[in-house]
Amino acid sequence: MELQVNGVKRNSKATPDSSLLSVLRDEFDLTGTKYGCGEGQCGACTVLLDGKAVRSCRTPLSATQGKKITTIEGLEVKGKLHPVQEAYLKVDVFQCGYCASGMVMSTVALLNNYPNPTEEQIKDFMNGNICRCGTYPRIVKAINEAAAKV
Amino acid sequence: MNPKKINSEIIQNGSEIVTGTSQAVGINRRQFFKWLGGGLAVAFVWQDTSILAAAEKEILAFKKLPTEQIGAWLHIAEDNTVTVYTGKVEVGQNIRTSLAQIVAEELLVPISAIKMVMGDTDLVPYDAGTFGSRSTPAMGSQLRKTAIAAREALLEMASQTLKKNKSALKLANGKITAPGSTALSYGQIVKGKQLLQTISDNAPAIAVSQWKIAGTSVPKVNGRDFITGRHKYVSDIKIPGMLYGKILRSPTFGATLAAIDVTAAKAMKGVTVVHEGDFVGVAAPDLSMADKAVAAIKAQWKTTNQPSRAEIFAYLKNKASSGQSGGRNGGTTKGDMKAGLAAADKTLQETYLVDYIAHAPMEPRAALAHWENGKLTVWTGTQRPFGVQSDLAEEFKIPEEKVRVIMPDTGSAYGGKHSGEAAVEAARLAKAAQKTVKLTWTRPEEFTWAYFRPAGVIEVNAGVKKDGTLTAWEFHNYNSGGSGIRTPYEVANQQIQYHPSDSPLKQGSYRGLASTANIFALESQMNDLAQLVNQDPLEFRLKNLQEPRLRAVFQQAAEAFNWGKTKPAKDHGFGIAGGTEKGGFTATCAEVAVDRNTGEVKVIRTTTAFECGAIINPEHLDQQILGAIVQGLGGALFEAIDFENGKILNPTFAQYRVPRFKDTPIVQIIQVNRPDLPSAGAGEAPIVAIAPAIRNAIADATGIKLKKLPLVPNGLLVHLKKS
């Protein structure tokens, strides 16, 4: 199957029912997208499909047909970080960082929906992303920081 | 500032004297400086005069020192790189940053000059593991002394090179300058030299008041790698030609194989099946094939009856021993309990219960195992790389130097990754398949086959006088552990005991260990005792408390929270709790709101004052306190492992609830800096007060005195109806 990943057309040998996560990680070596639960409950595997956040562990390849897939690796352009990444870096959000890619991708999607989100909109939208290190308030801070710039 | 030089030799380039088969640091069969490329190396050696005396006779101290004697070491290369070697590992506590800060501070180099090599058993000195909040107090202080010794050696060399008195030299930004001379970089100073020096615990440290890099909020040193997805966790590492592993799990704990047929799995192309006793696993070219191969195995298991959650507390109490006393985690007996209770105006006897909970690190266990010429290399996320090295050596009956464990910065642990289950499993598969094997546990595997924070039963009996003086304190913990078991309050008559029991579930360390359970019981009891004598819970605590550091955090948390100055709104409540653990002192105030119709309990805000001596990195300390509060919220409110007859019933995030964005209250953090005191770790202690503070706030709002963790897994309705 042909996929559009981070602006590049790529062919996958996997069957259409394969999870997008496994293709990204194991076939394309785009390991920035993480496995956290396999049930769409933790958000670590979040990528964008035409700018919308999806859980790649629960997304079959067939569902990506004709859509633009953006992973964490696709945010940085020629060494320049996406404003959301900049904001996360500035706030120095993370501890173990395993949830980072999913948080950043969800934030990009959030700001696509709500350029100036309220605290409630942030918490609603981000509630599907788990951080066991408990960085949530720092993430909210980074999101507000990014919203001011995006 | 003069470190006691135990053994120092400046050896010119090319000398044969320094032939470092440094077994002590695990650099096998390599010449020490050949490997390092010249320069200055300084090793921290635990003080032991007999060993050091012996070492003095040897030109190469490393060679003769047993591994346990070397704590850490650093190397300054001709290209100015400062490389620090430590057995500590990074699991999100940002110790990579704070240890680098300590070295940068003492060496007067920018933080970017420091390269940290951590948790690689071939490269770093032995270390028991990263736990117990020891990295900052123990490793931090060793590295500080090591860096000071390196700085002194650099000054000495520069003084000789520049022919200037040491007092005329100035160190700054990785350079040494003298009036009338051009500046020399550290690399230029050590160029062509091979200096090997050991220092002991005698070396003095720099005054905290002079800190410029330590004590500041240096951002996570490799932070950019994480927000770009570039950092390679173990589960992200690939080696060409590697296979993917998968283990056949038994349906319940304690099951054994009765019959098995692996024919279909074995027939799959490229699949290796390993069946050794009750261990059954496969290695396949990709993960979906590994899944299919395991699914194709026909196995019959013989199960045995196992205890269930419904009976767990009675079970633990029945199986408990009569008690363990002495030691840091043991109990204590003081005065006479009977007399203490007799002297009391009021007594309060209660039983507190604590469920098993899971660490649920976002990165499940993973390992990548590679055999080559009889040597096993395993990448795995563990808090004990040397412990896993030892486990692997034992498993395969090979010497430890034939096992290398490498620990890349890992997706958290919280005390839950002391072990190396995935490492052993991956290595068994790799050995059989004769190829590199990567094994990543699934979330249900992590929830089922890792280990848990222990469940426990805690019985407390206390006596108090009308004026609020505690007269008697009896405290028994069954199964959950001895950490934080002693009361910080002054009580003349005490009997405190930890009773180990026979846990049906695999249990182990957790952030704060048993102190989360013990301080929950202790501070809940203190709250209710205060009420018995009609005293404010803060006043009551302070009346019975002498420890000035704990008093200080109570007072500061209370002040910031406005304790005693405002009244909670209708159906809101305020609670306070505090405690000390692993050298840290913490107090938390919490406000909760109870919905009397739905029974929902919402934590509105928390204020935590925390003190752990001199602060190394304020932002990262903030992270640790915040993390402890948010994680503690889960165990306080709703986290519990449910199990029945050897089976975990809630091994997914859909079933096992962890704190999310919407659960997180306004978290106010007060850092109490004590530059006059040694730095203690901060990863664990701030977790201990959140559960009792919330519990006491619920009691304040409703009068309901909950006695079990988690407090409200199904809301408060069932309790509201009863009351």
Q: Starting at the first residue of region B:681-690, write each ³J(HN,Hα) from the Karplus equation 6.51 cos²θ - 1.76 cosθ + 1.60 with θ = phi - 60°, in whole Hz, x for Gly and Pro.
A: x, 10, x, 10, 3, x, 7, 6, 9, 5
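Which order do you get for B:D127, B:D261 if you rank them by accessible area with a 1.4 Å probe, largest at the top? List each step's numbers first, then the result.
Values: B:D127 15, B:D261 60 Å².
Sorted descending by solvent-accessible area, the residues read B:D261, B:D127.
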Q.
I want the local charge near B:M289. Using Cβ-Cβ distances under 12 Å, sum +1 for each Lys or Arg and -1 for each Asp or Glu among the other residues.
A. 0
Q: Under 1.5 on a/c is rounded, so check that first for chain B, then, if it is not, pick prolate when a/b is larger than b/c and oblate when it is not; a ≥ b ≥ c are the square roots of the alpha carbon gyration tensor eigenvalues.
A: oblate
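Given a Förster radius of 45 Å and the C-beta distance between B:R224 and B:K266 as r, what FRET efficiency does 1/(1 + (r/R0)^6) yield to the nearest 0.05? Don't skip to the end; give the middle numbers.
Working: r = 46 Å, r/R0 = 1.02.
Plugging the Cβ-Cβ distance into 1/(1 + (r/R0)^6) gives 0.45.
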Q.
Using only Cα atoms and rounding to the nearest 10 degrees, what angle (0 to 90) does helix A:100-113 make with the longest principal axis of chain A?
A. 80 degrees
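Which peptide among B:247-256, A:7-16, B:438-447 comes first, and what is the full order, when sorted by highest mean count of other Cβ atoms within 10 Å? Can you show the working numbers first?
Working: B:247-256: 17.4, A:7-16: 12.4, B:438-447: 23.6.
In decreasing order of mean packing, B:247-256, A:7-16, B:438-447 become B:438-447, B:247-256, A:7-16.
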Q: Among DSSP beta bridges lying fully in region B:282-435, give the percent that are antiparallel, nearest 5.
A: 55 percent
Q. Considering only DSSP beta bridges with both partners in chain B, what is the antiparallel share in %, to the nearest 5?
A. 75 percent
Q | Vicinal HN-Hα couplings computed from phi for region B:408-419 (Karplus, 6.51 cos²θ - 1.76 cosθ + 1.60; Hz; Gly/Pro x) | A | x, 3, 10, x, 6, 8, 6, x, x, 10, 6, 9
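Which order do B:T377, B:T606 take by accessible area at a 1.4 Å probe, largest first?
On the way: B:T377 25, B:T606 0 Å².
Largest accessible area first, the list is B:T377, B:T606.
Could you sort out which of B:K570/B:K602; B:K465/B:K722; B:K246/B:K266; A:K78/A:K149 sit more than 22 Å apart by Cα distance in this structure? The partial results should precede the final answer.
Working: B:K570/B:K602 14 Å; B:K465/B:K722 30 Å; B:K246/B:K266 14 Å; A:K78/A:K149 19 Å.
Violating the 22 Å Cα-Cα cut-off are B:K465/B:K722.
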Q. For A:C99, what accessible area in Å² do you get when you roll a 1.4 Å probe over the heavy atoms of the protein chains, rounding to the nearest 10?
A. 10 Å²
Q: Using Cα positions and a limit of under 19 Å, work out the lysines in reach of B:K88, with same-chain residues fewer than 8 apart set aside.
A: B:K115, B:K145, B:K220, B:K232, B:K417, B:K582
Q: Run the 1.4 Å probe and let me know the accessible area of B:R657, rounded to the nearest 10 Å².
A: 110 Å²
Q.
Which one, B:P488, A:Q85, B:G381, is farthest towards the positive end of the dipole of the protein assembly as shown when Lys and Arg carry +1 and Asp and Glu -1 on their Cβ?
A. A:Q85
Q) What FRET efficiency would be calculated for the residue pair A:K80, B:A310, taking the C-beta separation as r and a Förster radius of 45 Å, to the nearest 0.05? A) 0.20
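How large is the helix-only mean residue ellipticity at 222 nm for chain B, computed as the sum of -39500 (n - 2.57) over DSSP H runs with n ≥ 4, divided by its residue count, in deg cm²/dmol to the nearest 500?
Details: 20 runs with 199 residues, N = 723.
The helix contribution divided over chain B gives -8000 deg cm²/dmol.
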Q) Could you list log10 I(q)/I(0) for region B:204-247 at q = 0.19 Å⁻¹, which the Debye formula gives when each Cα is one point scatterer? A) -0.77
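Could you give the dipole magnitude of the protein assembly as shown about its Cα centre, charging the beta-carbon of Lys and Arg +1 and that of Asp and Glu -1, in debye to the nearest 20? Don't jump to the answer; show the numbers that get you there.
Values: 100 positive and 82 negative charges, 203 e Å.
That gives a dipole near 980 debye.
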Q. For the protein assembly as shown, with the dipole built from +1 on Lys and Arg beta-carbon atoms and -1 on Asp and Glu ones, taken about the Cα centre, which of A:A63, B:V280, B:G468 lies farthest toward the positive end?
A. A:A63
Q: Return the whole-Å distance between the Cα centroid of region B:643-700 and the Cα centroid of region B:495-560.
A: 14 Å
Q: Considering only DSSP beta bridges where both residues belong to the protein assembly as shown, give the percentage that are antiparallel (nearest 5).
A: 75 percent
Q | For B:F313, solvent-accessible area (1.4 Å; no DNA, RNA or ligand), Å² | A | 40 Å²
(Q) Can you compute the FRET efficiency between A:K90 and B:E276 using 1/(1 + (r/R0)^6), with r the Cβ-Cβ distance and R0 = 35 Å? Round to the nearest 0.05. (A) 0.10
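For the full complex of protein chains and a 1.4 angstrom probe, list B:W73, B:W449, B:W211 by accessible area with the highest value first.
On the way: B:W73 0, B:W449 60, B:W211 35 Å².
Output order, biggest surface exposure first: B:W449, B:W211, B:W73.
The values are calculated or read from the model by the stated rules, or taken from the named source; none is laboratory data. The structure presented is a predicted model; accordingly, all values stated were derived computationally and were not measured. Neighbour counts run over all protein chains shown; Cβ positions are idealised from the backbone, glycine included. To get the accessible areas, we keep the full protein, side chains included, count just its heavy atoms, and leave off ligands, DNA and RNA. Shrake-Rupley method; radii C 1.70, N 1.55, O 1.52, S 1.80 Å.
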